[in-house]
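Below is one structure, written out as structure tokens, with a few remarks after it.
Taken together, the values in this text are just the output of simple stated rules run on the coordinates, not laboratory data. Here the structure is a predicted model, which is why all the values come from computation and not from measurement. Every residue, glycine as well, gets a Cβ built from its backbone with ideal geometry; the counts of neighbours run over all protein chains shown.
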């Protein structure tokens, strides 16, 4: 009897899996990033990935710093929209994969990521490619971290691209309001990490009609193969949330969103170094999105004390659209032009 | 007739979307609403902290390690790993500094061109290939 039950359960399980695979379709096996790559270094959760470039490609290596809030492959979701594929064809391209941080890193400060981890990656790249400095591109909070790093280690960064990176948090829009009221002390006392699903839900929450509009768009366009490819790849990315380490999250909310210490030039690393924007020398491109609700245009302004050469390009799209939308190619080309000049 | 009905439905759906969008947009931007929601989250988190503490005490009474203690051990291990990485980097830098003067005195022909640009081994000596 029990044997029969077992086989019945196994049978039902097989049917459920088959149905799920059929329903998920391409989404089920969609890759996390499409450009071929190899891991050249790792330290704890953090890995340094090198993307395979065509033979003979050389130049100053580019290090991409993705956001800690989500997975890096939003910059590499499909061949058609991939920033990384474009960069890898021009120059040696590396990326820091923050992995899936768990509670074991919940006590590490934000400076562990924006200083220690990035410095380790830069050191590895310099050793491997025999250069003394690298170019950098930071996306979203990754841009904030790349900016902080360029303040701390001005000799190691030649060019810096800040892709929709919030720097001045004085008027950071809807997220600043939520940060102001967020019970950060209670969070710190009860959790070692900010769960990824909660972060993802908060992004959906501030755009209450987003899901409805997305479903409507799906209904209008699902017969287009190119739309479905990008839609599936994006859903794959959205369904892959990452937890944010607890102490780093506490510092992100208090030091950046609430106190705006980076712009004030009073942000300190855990080992007591000041993140001083006036020390920066890297040639910088502020590449922002006109319809960005996560990093509104005013937040991408650099501090007045920052005297490094800066140029700006604004793309008419949203925070995610700038990497995968119809204007993504313009954004990518702007970054390439800046890095090659 | 059918087209007219479909158009009416579309018009109705558009009006509903616009109305709901405006209403919900106002709601999620309302400071009073955000403040009340934050209080509710704070109460949940305080409850979670209280529950975790009670559970820790129960585990201690049974002479068993609690989840909090295991996480603390994991965090200690992370700290040790970080120190080891820092030390190995310092050692590598030291070895590089020692090797440089020797390389200067060595004949150029003895230094293989390929080796000069060969990538350094991965930290854990297990560089992984990622396939598409």
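Per-structure values
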| quantity | calculated |
| --- | --- |
| Mean Cα-pair separation over length for segment A:195-341, i.e. relative contact order, pairs under 8 Å, 6 or more apart, % | 16 |
| Separation between Cα centres of segment A:284-329 and segment A:85-121, rounded to whole Å | 21 |
| Nitroxide proxy distance, nm - points 7 Å out along Cα→Cβ at residue B:53 and residue A:326 | 5.7 |
| Highest-MSF residue in chain A out of A:41, A:257, A:212 [GNM, Cα springs under 10 Å] | A:212 |
| 4 °C / 1.567 mPa s Stokes-Einstein diffusion coefficient of the protein assembly as shown, Kirkwood radius on C-alpha pairs, µm²/s | 52 |
| Within chain A, percent of DSSP bridges classed antiparallel, to nearest 5 | 40 |
| Fewest-first sequence of B:88, A:317 by Cβ atoms within 10 Å of each Cβ | B:88, A:317 |
| Cα-based Rg of segment A:116-268 normalised by 2.2 N^0.38 Å, two decimals | 1.27 |
| Gained length - residue B:95 relative to residue B:77, 0.36 nm times residue gap less alpha-carbon distance | 3.8 nm |
| Semi-axis lengths, Å, segment A:230-289, gyration tensor of Cα atoms, sqrt of 5 times eigenvalues | 30, 19, 10 |
| Between helix A:328-340 and chain A: long-axis angle, C-alpha atoms, 0 to 90°, nearest 10 | 30 |
| Nearest-ten-degree value, helix A:2-24 long axis tilted from longest Cα axis of chain A | 50 |
| Size descriptor, Kirkwood hydrodynamic radius, that averages inverse alpha-carbon separations across segment A:223-341, Å | 17.0 |
| Mean ellipticity per residue at 222 nm, deg cm²/dmol - from DSSP H runs of n ≥ 4 across the protein assembly as shown, formula -39500 (n - 2.57) | -16000 deg cm²/dmol |
| Relative exposure of A:140, A:332, judged by other C-beta atoms within 10 Å (fewest first) | A:332, A:140 |
| Burial ordering of A:302, B:84, fewest other beta-carbon atoms within 10 Å first | B:84, A:302 |
| Two-site label geometry, residue B:39 and residue B:86: point separation in nm, points 7 Å out along Cα→Cβ | 4.5 |
| If the convex hull is drawn through the Cα atoms of segment A:35-119, its volume per residue in Å³ | 93 |
| Bins of 10 Å from zero: percent of alpha-carbon pairs in segment B:11-63 | 21, 22, 20, 17, 12, 7, 1 |
| With eigenvalues of the C-alpha gyration tensor scaled by 5 and rooted, segment A:265-327, Å | 27, 14, 10 |
| Pairwise FRET efficiency - residue A:291 versus residue A:216, Cβ, R0 = 22 Å, nearest 0.05 | 0.75 |
| Rg over Rh, two decimals, segment A:133-221 (C-alpha only, Kirkwood Rh) | 1.09 |
| Average Cα contact separation per residue, chain A, under 8 Å, 6 or more apart, as relative contact order % | 20 |
